[in-house]
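The values are calculated or read from the model by the stated rules, or taken from the named source; none is laboratory data. None of the values given here were measured: they were computed from a predicted structure. Every residue, glycine as well, gets a Cβ built from its backbone with ideal geometry; the counts of neighbours run over all protein chains shown.
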Amino acid sequence: MSDAQAAILRPETLVDEFKKNGVTHIITIPDSETNYLYELMQEQDWLEVIPTAREGETFAIALGLSISGKVPVVLIQNTGMMESGDSIRGMALDSGFPLVMVIGYRGWTRHGAITDSAARYTEPFLNAFRINYYLVEQNADGDRISMAFKEARATKRPVAVLVGDEYHGFNR
Amino acid sequence: MINAADVFRVFQTHRGKAIVIATGTSGKHWMDFTTHQNRDLNLGGAMGQTTAAALGLALGLPDEQVVLFDSEGALLMNLGIITTIAGKQPKNFFHFLLDNECYATTGGQPVPNAQGINYAGMAKEAGYAAAYSFDDLETFGAQIGNIMNEKGPVFVAIKVVPEVENEPIGRRQRRTVRTRPETIRTLRQELGIADS
């Protein structure tokens, strides 16, 4: 694999990590930057995708699935995560179930200043909720997703994966 | 309008082994009629997201009937959920709406367009398999048996008498309810679901 290829976070990496960690359901709002990931998830016969109308629903649906013994993952953008504040509080933090929330890090860059307020407030938001997070920017970071699952299971709390590479390999 | 307690009294005889989630000021009456507490869930407490949690449960337990007694104030906070439910078409999901036309717990202020909304119409047009409206107990009692034998998602809107609470929160008499963790634990034991 070339350096350029290694620098791109491939959607297949996320799906492989989901399978490795026994994920049964993805609860999501599709966005234009992750369309290929959405299509790839739809192709997996071991994975059920639940499209929702608003991000706050995703954490509550995840709670219902967790009660029933399933392994859900929430997949939304940082803007939607911030909209979901009370749902995160009441349906995830207060639930006592592990949950990995994969958050598209809109506006994230490590080059120069971050100008998008969606990115500026993402980590302060997670810190305010005392939710730990792992930054995943490229393929080589893929194993951090398994670290998030491990931490979520150990603590029975939500743990976030911030996808800081929304604008590369997720659309084809 | 129907007294919420009468809705539950009639429903109980048709419950079978359904898992029941009751929310809102009207939902408090369920505890007086349930005969299978191990299959009752307390999922309230996040600005109307109980509807979505009940959907998740129905999707995760496709062989169990899941019955939600929702309130219109809660549903209006997350109205898009009816499209999410319709999109997944859970055949085991029964979505009852106890519509008292107001926010009873905050003093009875009307919800937006309180008397002008056709909730069953919205659910049907969103894509529920079936939708009903009731405002008298006799008709509800005559049809509930058949409704519980239908394939979901089914929506049942019921006009209920508001039970407005005006006392400051600290002075209200509270009934002892089973906590959410307790109801989750007993349901999972009942269904043989291993600890996460």
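The table for this structure:
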quantity: Filter pass, B:Tyr132 being among the hydroxyl-bearing types (Ser, Thr, Tyr) and assigned to a strand (DSSP E or B); calculated: yes
quantity: Count of residues meeting criterion [at pLDDT below 95 and either in contact with a Cys (Cβ under 8 Å, 6 or more places away or on another chain) or not hydrophobic (A, V, I, L, M, F, W, C) (or both)] in segment B:153-180; calculated: 17
quantity: Flag if A:Leu65 is in contact (Cβ under 8 Å) with a residue 60 or more places away in the chain, within 11 Å of chain B (Cβ to nearest Cβ) and under 21 Å from A:Leu14 (Cα atoms); calculated: no
quantity: Some residue of segment A:76-95 being within 11 Å of chain B (Cβ to nearest Cβ) and at pLDDT below 95; calculated: yes
quantity: Which listed residue is surrounded by fewer than 24 Cβ atoms within 10 Å (Cβ to Cβ), in contact with a helix residue (DSSP H, G or I) (Cβ under 7 Å, 6 or more places away or on another chain) and aliphatic (A, V, I, L, M), from A:Met82, A:Met91; calculated: A:Met82
quantity: Some residue of segment A:137-155 being farther than 18 Å from A:Val71 by Cβ, among the hydrophobic types (A, V, I, L, M, F, W, C) and surrounded by 16 or more Cβ atoms within 10 Å (Cβ to Cβ); calculated: no
quantity: Any hit, segment A:106-124, residues being among the aromatic types (Phe, Trp, Tyr), closer than 30 Å to B:Thr179 by Cβ, modelled with pLDDT of 95 or more and under 17 Å from the mean Cα position of the chain (by Cα); calculated: no
quantity: Any chance B:Gly141 is more than 28 Å from B:Gly56 (Cα to Cα) and either within 14 Å of chain A (Cβ to nearest Cβ) or crowded, with 18+ Cβ neighbours inside 10 Å (or both); calculated: yes
quantity: Answer residue from segment B:22-50, given it is within 14 Å of chain A (Cβ to nearest Cβ) and not in a loop (DSSP other than H, G, I, E, B) and is nearest to A:Glu83 (Cα to Cα) among those; calculated: B:Thr50
quantity: Hey, A:Glu39 surrounded by fewer than 24 Cβ atoms within 10 Å (Cβ to Cβ) and either facing chain B (nearest Cβ under 8 Å) or free of Cβ contacts under 8 Å to residues at least 12 places away in the same chain (or both) or not; calculated: yes
quantity: Every pair of residues 6+ apart whose Cβ atoms lie under 6 Å, when the first sits in segment A:113-124 and is in contact (Cβ under 8 Å) with a residue 40 or more places away in the chain while the second is assigned to a helix (DSSP H, G or I); calculated: A:Ala118/A:Asn78; A:Ala118/A:Thr79; A:Thr122/A:Asn78
quantity: Filter result (surrounded by 24 or more Cβ atoms within 10 Å (Cβ to Cβ), at the interface with another protein chain (Cβ under 9 Å from one of its Cβ atoms) and not in a helix (DSSP H, G or I)) within segment B:51-75; calculated: B:Val66
quantity: Residues of segment B:90-108 classified as touching a residue at least 60 places away in the same chain (Cβ under 8 Å) and out of contact with any Ser or Thr (no Cβ under 9 Å at 6 or more places or on another chain), total; calculated: 8
quantity: Residue tally, condition closer than 24 Å to B:Met1 by Cβ and buried (at least 24 other Cβ atoms within 10 Å of the Cβ), over segment B:76-93; calculated: 1
quantity: Verdict on A:Ile50 being of a type in the set (A, V, I, L, M, F, W, C) and either away from every other protein chain (no Cβ under 14 Å) or farther than 22 Å from A:Phe149 by Cβ (or both); calculated: no
quantity: Elements of type helices (runs of 4 or more DSSP H) in segment A:1-108, at least 2 residues being among the charged types (D, E, K, R); calculated: A:11-20, A:55-67
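Here is a yes/no grid of residues against (1) modelled with pLDDT under 95; (2) out of contact with any strand residue (DSSP E or B) (no Cβ under 6 Å at 6 or more places or on another chain); (3) surrounded by fewer than 19 Cβ atoms within 10 Å (Cβ to Cβ); (4) of a type in the set (D, E, K, R):
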| position | (1), (2), (3), (4) |
| --- | --- |
| B:Ile19 | no, no, no, no |
| B:Gly24 | yes, no, no, no |
| B:Asn38 | no, yes, yes, no |
| B:Leu43 | yes, no, no, no |
